[in-house]
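Read through the structure below, which is laid out as structure tokens, and then see the notes.
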Amino acid sequence: MAIVELLNVSKRYRLGEQDVIALDNVSLAIEEGVFLAIAGPSGSGKSTMLNLIGCIDTPSEGRICIAGNDVSGQTPDQLAELRARTIGFIFQTFNLLPVLSAAENVEYPLLQFAELSKRDRQKRVRKFLAMVGLRDFMDHRPNQLSGGQRQRVAIARALATHAKIVLADEPTANLDHKTGEGILRLMRQINRKSGTTFIFSTHDRRVMNMADRLVRVEDGQITKFGVQSGDGWVFVQDHTHDEDDPEV
């Protein structure tokens, strides 16, 4: 079952007196529970695709369905509600609030859920900080944590809302090699255990190699769609070759 569907989606931006086509008639179905990487050079359209899936932006043409909801034509308030309850975000710059502790950062998005009591919120905070290995760092502020620990807080925050989809924008870009590997293994472990769908925008070949689905975007169009099986990668759509793609 597809948890994300893009149907003939295009996105244009006005730049000065010109229209820039960021995505051009893209269709894509993403199955529930996959670990998917969207890869491509800068300006290819991969970040635009991630923003559209995250309901941060809206398409110029076409339809987008998220977890069974057609988001076309929804109001900003409706989109905000869908984001809050369905989608978690992880950014390369962590985007933690510096004046809040790790626990308070994880709790912050839960404050908009009126049905959750303070006890319920704190229970979730403890659960997800423990899941990412930060049980003993709940009271630490971001400036008291390493880069890897801050990214773990961001992962806990994304999961605490019980998000069905986690969108990760270059989550390893500001981490050293060893720390980045650990963060990727943690997210893959959570994906396998919980069935949460992870969708990455990335240049990192390690992310591509760990993914079970690969979408390569160039010039606003999907040029490759690969599925990883026990025998390696099978590209069911392949209009180009790139040396940065995983080995087939």
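The values are calculated or read from the model by the stated rules, or taken from the named source; none is laboratory data. As the structure is a computational prediction, the values presented were derived from the model and not from experiment. So basically every Cβ, Gly included, is an ideal-geometry build from the backbone, and we count neighbours across all protein chains shown.
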Residue that is farthest from LEU167 (Cα to Cα) [pool: residues in region 1-20 that are part of a strand (DSSP E or B) and among the small types (Gly, Ala, Ser)]: SER10
message: Test of understanding: among GLU115, GLU104, which residue is outside any helix (DSSP H, G or I), without any contact (Cβ under 8 Å) to a residue 40 or more places away in the chain, among the charged types (D, E, K, R) and within 24 Å of ALA80 (Cβ to Cβ)?
response: GLU115
query: Within the bounds of region 157-165, is there any residue that is among the polar types (S, T, N, Q) and under 20 Å from LEU6 (Cβ atoms)?
result: no
task: Only residues that are out of contact with any helix residue (DSSP H, G or I) (no Cβ under 8 Å at 6 or more places or on another chain), in a loop (DSSP other than H, G, I, E, B) and modelled with pLDDT under 80: list them for region 198-246, please.
output: GLY230, ASP231, HIS239, THR240, HIS241, ASP242, GLU243
- prompt: Residue check, ALA114 against (1) buried (at least 19 other Cβ atoms within 10 Å of the Cβ); (2) over 25 Å from VAL34 (Cβ atoms), all met but one. Which one?
  reply: (1)
message: Against the condition under 17 Å from PRO98 (Cβ atoms), in contact with a helix residue (DSSP H, G or I) (Cβ under 7 Å, 6 or more places away or on another chain), buried (at least 19 other Cβ atoms within 10 Å of the Cβ) and modelled with pLDDT of 95 or more, how does VAL166 come out, does it pass?
response: no
query: Which ones in region 153-177 are part of a helix (DSSP H, G or I) and either over 21 Å from LEU111 (Cβ atoms) or of a type in the set (A, V, I, L, M, F, W, C) (or both)?
result: VAL153, ALA154, ILE155, ALA156, ALA158, LEU159, ALA160, HIS177
field: Filter result (assigned to a helix (DSSP H, G or I) and exposed (fewer than 14 other Cβ atoms within 10 Å of the Cβ)) within region 21-64
entry: none
- request: Confirm whether ARG150 is of a type in the set (D, E, K, R), modelled with pLDDT of 95 or more, surrounded by 16 or more Cβ atoms within 10 Å (Cβ to Cβ) and within 17 Å of the chain's Cα centre (by Cα).
  value: yes
- request: Can you confirm whether region 5-20 contains a residue that is acidic (Asp, Glu), crowded, with 19+ Cβ neighbours inside 10 Å and over 23 Å from ALA173 (Cβ atoms)?
  value: no
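Among the residues in region 132-145, are any part of a helix (DSSP H, G or I), of a type outside the set (Lys, Arg), within 20 Å of the chain's Cα centre (by Cα) and buried (at least 21 other Cβ atoms within 10 Å of the Cβ)?
no
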- request: Have a look at GLY73, GLY88 and point out the one that is assigned to a loop (DSSP other than H, G, I, E, B) and either modelled with pLDDT under 90 or buried (at least 21 other Cβ atoms within 10 Å of the Cβ) (or both).
  value: GLY73
- request: Spot the failing condition for SER72; the list is (1) within 18 Å of the chain's Cα centre (by Cα); (2) over 19 Å from SER201 (Cβ atoms), and only one is missed.
  value: (1)
